[in-house]
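The values are calculated or read from the model by the stated rules, or taken from the named source; none is laboratory data. What you see is a predicted model, and the numbers here were worked out from it, not measured in a lab. In this analysis, Cβ positions are derived from the backbone assuming ideal geometry, glycine residues included, and neighbour counts consider all displayed protein chains.
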Amino acid sequence: MEKVMNGNQARSWQHLPQQEPDTKVKVKVRKRGWVTKGEKILYTLFSVGFLVAGIYIVSFSAATDSMNRDVQSLETVVQDQKAINETLQFEKKELSRPERITKIAKEHGLKVQDADVKRAQSVTN
């Protein structure tokens with residue numbers, strides 16, 4: 001048995017509202033930042049490197065400054081000691097004058113014969 005569709009049924013079939021299934025697709029949108037994870041790691045490493053280099057430079061500068069101050073104080077001590085040594089050298093020359101030695105010898109009762117008193121030279125090896 002064949003069913004025959006008459007024209008009215010075909011038209012009504014076409015005009016029936018077709019129901020579309022509710023298919024809403026939710027799309028997850030990920031926000032991307034300005035900087036990727038790799039760049040963040042690189043920036044962090046460079047920042048840490050600059051920080052370490054800065055600390056090293058400051059500590060090296062402080063150590064150098066401290067050493068320079070020590071050197072300057074030692075130079076002052078050396079200059080003072082040189083002045084003392086020069087004074088002592090002059091005093092040694094004054095005390096070792098032949099006239100002074102003969103005078104002290106006569107004061108202590110020693111007889112000085114008419115001999116020339118000469119300075120004794122020190123022999124260095």
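Would a scan of segment 85-107 turn up a residue that is modelled with pLDDT of 95 or more, surrounded by 10 or more Cβ atoms within 10 Å (Cβ to Cβ), in a helix (DSSP H, G or I) and of a type in the set (Val, Ile, Thr)?
yes
Looking only at segment 35-45, decide whether some residue is hydrophobic (A, V, I, L, M, F, W, C), loosely packed, with under 10 Cβ neighbours inside 10 Å and at pLDDT below 95.
no
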